[in-house]
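Written out below as structure tokens is the structure these notes cover.
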There are 2 protein chains.
Amino acid sequence: MKFPSIWLQGASLGEAIASELRLQIISGTIKRGEILSENRIAGEFGTSRSPVREAMKTLSGEGLIQLERMGAVVMGLSLKDVEELYDVRYLIESFVQGHVFMNPQPELIQHLRQIVDRMELAAKHGDPIEFSYQDLTFHERIITEANHKRILHLWKSIRPIVITVMFITTKQVFSGGGTRVRHVMDKHLQLIGEMESLDEARIQTAVQRYFDDSRQTLHLSFPEG
Amino acid sequence: MKFPSIWLQGASLGEAIASELRLQIISGTIKRGEILSENRIAGEFGTSRSPVREAMKTLSGEGLIQLERMGAVVMGLSLKDVEELYDVRYLIESFVQGHVFMNPQPELIQHLRQIVDRMELAAKHGDPIEFSYQDLTFHERIITEANHKRILHLWKSIRPIVITVMFITTKQVFSGGGTRVRHVMDKHLQLIGEMESLDEARIQTAVQRYFDDSRQTLHLSFPEG
DNA sequence: AGATGTATACTTGTATACAAGTTAAAATTC
DNA sequence: GAATTTTAACTTGTATACAAGTATACATCT
């Protein structure tokens, strides 16, 4: 599996290497416990140590590897780890919805519907790359709405992992046929519907239900599941 | 103001520079909007660009600066930003308490009391460096208890900012006399007391009250407040 | 054999060099 | 004087070089 090159537009070598390594770690090609050497990685990618070093620091900041005196040890991302990631995603979105629900913001709802439309289009074209990207955009759009710098930063710190996990699982979902793809889109539409109620309790329940369901999807579409 | 050298034991040049810059940004010596050049910083610290570059990436990961094509722009940390940081701290501790409250864990309570004892000692010696470090340790000990890798990682990502803010505010609190110091310790003791109740609702209320009060303290002891 | 010392091949941390791109000011042209 | 081009001084991204420390395997000694 290779990281979508479209997502590397204008990226530095360091970012590209980080993305590639991230995908390999999450997909399990590089296994937990393995030890990464800057020299070796640089050799494999045909670059110097500089961009590799940058990539290592990035991945360390995401918790995928741990920098030590002698080599970087791969922490990996088990199914349980992804569930923990979903815990954080739930915390973020729950918090955000709690801060946004009172603002009707018709623009937000409209924009979210537009994004789901793009997902439908991507589904029709059988394009999991575009589909997962729109999925990410959907959630990012909601989070942005809160105007909360620290929460947004928190999101940005897990964003690369989230998009990578989405990419992997979405490919799996696509290979599973149209009904599962349809289900993913419906989930988003349901969430939008509840957001329109402007009833915080209902919205919170909807968010919770959304992530509960996502965990289910996860078990069906993540390598380890 | 200088960053406590005790906290830099075994740190690389990159980490030391990051810590020093972080303190200057948070304390306002380096102001929001200012543009940092790797070359200039390297010159000021008498090092090469390599460790500076590492420090810049660290600070960028913490949201204190933003890396751009031409220089890194300082985002700073306003009073509002610190309040947002407390939002996240509250989210973390609330989540963690929700996962830990059922486990009696006498060791945890015992350890927390021990930490408060150390705070008392530091207070007696008029040592804000040790005091703020124990304050940090107190919260870290609670968070560790949840055994939740992603949440722990989230904590670690804001940890350097938290300790720096604590260092600044604690120095201010110390200069304000004994009653304010006493108040901080009492807050921690109250939280421990409620944790012993094993009643989740009471614990959640206590956590909320703790951070509400911290915000008050913040307004009295943060430069901008 | 077992313990100890040593050589060697790794590792990261830091310094330096160079290329490519951006900004801003100065010089030139109209 | 104003607009435009050119130039010069910056910036980061990447490559390379060197220093210092660590683990491992091997040799030596008891």
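The values are calculated or read from the model by the stated rules, or taken from the named source; none is laboratory data. Fair warning: this is a prediction, and the values are worked out from it, not measured in the lab. Glycine also receives a Cβ, built like all others from the backbone with ideal geometry; neighbour counts cover every protein chain displayed.
Residue pairs whose Cβ atoms lie under 8 Å apart, sitting 6 or more positions apart in sequence or on different chains, and linking a residue in the stretch B:27-52 that is at pLDDT 95 or above to a partner that is part of a helix (DSSP H, G or I) and among the polar types (S, T, N, Q), are B:Ile30/B:Gln24; B:Arg49/B:Asn39.
Applying the criterion of being more than 14 Å from every other protein chain (Cβ to nearest Cβ) and in a loop (DSSP other than H, G, I, E, B) to the residues of the stretch B:1-11, the residue that is farthest from DNA strand C (Cβ to nearest atom) is B:Met1. Restricting to the stretch B:22-31, and then to whatever is surrounded by 14 or more Cβ atoms within 10 Å (Cβ to Cβ) and touching a strand residue (DSSP E or B) at 6+ places or on another chain (Cβ under 8 Å), can you tell me which residue is farthest from the other protein chains (Cβ to nearest Cβ)? Looking at the filtered set, the residue picked out is B:Ile30.
Test A:Gly14 against the stated conditions and say whether it is within 14 Å of chain B (Cβ to nearest Cβ), in a helix (DSSP H, G or I) and within 15 Å of DNA strand D (Cβ to nearest atom). When the stated conditions are applied, A:Gly14 passes them. I'd like to check something: does the stretch B:70-77 contain any residue that is at pLDDT below 95 and within 12 Å of DNA strand D (Cβ to nearest atom)? Yes; the residues of the stretch B:70-77 include at least one that is at pLDDT below 95 and within 12 Å of DNA strand D (Cβ to nearest atom). Residues that are within 17 Å of the chain's Cα centre (by Cα), more than 10 Å from DNA strand C (Cβ to nearest atom) and acidic (Asp, Glu) do occur in the stretch A:55-64. The conditions of being surrounded by 20 or more Cβ atoms within 10 Å (Cβ to Cβ) and either among the polar types (S, T, N, Q) or not assigned by TED's automatic domain parsing to the domain that holds B:Phe167 (or both) are met by B:Ala55.
For the stretch A:1-15: of the residues being more than 18 Å from A:Met166 (Cα to Cα) and without any contact (Cβ under 8 Å) to a residue 12 or more places away in the chain, which is surrounded by the most Cβ atoms within 10 Å (Cβ to Cβ)? Only one residue tops the list, namely A:Ala11. Count of the stretch B:84-143 residues, restricted to those that are away from chain A (no Cβ under 14 Å), more than 19 Å from B:Asp199 (Cβ to Cβ) and of a type outside the set (Gly, Ala, Ser), is 28. Evaluated against (1) away from every other protein chain (no Cβ under 14 Å); (2) not in a helix (DSSP H, G or I), A:Ala146 falls short on exactly one condition, (1). Within the stretch B:32-52, if we keep just the residues that are more than 8 Å from DNA strand C (Cβ to nearest atom) and within 14 Å of another protein chain (Cβ to nearest Cβ), the residue that is farthest from B:Ile161 (Cα to Cα) turns out to be B:Glu38.
Could you tell me which of the residues A:Val52, A:Val74 is among the β-branched types (Val, Ile, Thr) and closer than 30 Å to A:Leu220 by Cβ? Walk me through it before giving the result.
Details: A:Val52 fails: closer than 30 Å to A:Leu220 by Cβ.
When all the criteria are applied, what remains is A:Val74.
Screening the candidates A:Lys171, A:Lys156 for the property of being surrounded by fewer than 19 Cβ atoms within 10 Å (Cβ to Cβ) and without any contact (Cβ under 8 Å) to a residue 12 or more places away in the chain yields one hit, A:Lys156.
Out of all the residues in the stretch B:40-59, which are in contact with a strand residue (DSSP E or B) (Cβ under 9 Å, 6 or more places away or on another chain) and more than 10 Å from DNA strand D (Cβ to nearest atom)? Selection gives B:Leu59 alone. Between B:Ala122, B:Ala72, the distinction of being buried (at least 19 other Cβ atoms within 10 Å of the Cβ) and within 16 Å of DNA strand C (Cβ to nearest atom) belongs to B:Ala72 only.
Looking for something touching a Ser or Thr at 6+ places or on another chain (Cβ under 6 Å), surrounded by 15 or more Cβ atoms within 10 Å (Cβ to Cβ) and closer than 20 Å to B:Leu91 by Cα - is there at least one such residue anywhere in the stretch B:205-220? First the steps, then the outcome.
Within the stretch B:205-220, the subset touching a Ser or Thr at 6+ places or on another chain (Cβ under 6 Å) is B:207.
Those left that are additionally surrounded by 15 or more Cβ atoms within 10 Å (Cβ to Cβ): B:207.
Still in the list and also closer than 20 Å to B:Leu91 by Cα: B:207.
Checking the stretch B:205-220: at least one residue is touching a Ser or Thr at 6+ places or on another chain (Cβ under 6 Å), surrounded by 15 or more Cβ atoms within 10 Å (Cβ to Cβ) and closer than 20 Å to B:Leu91 by Cα.
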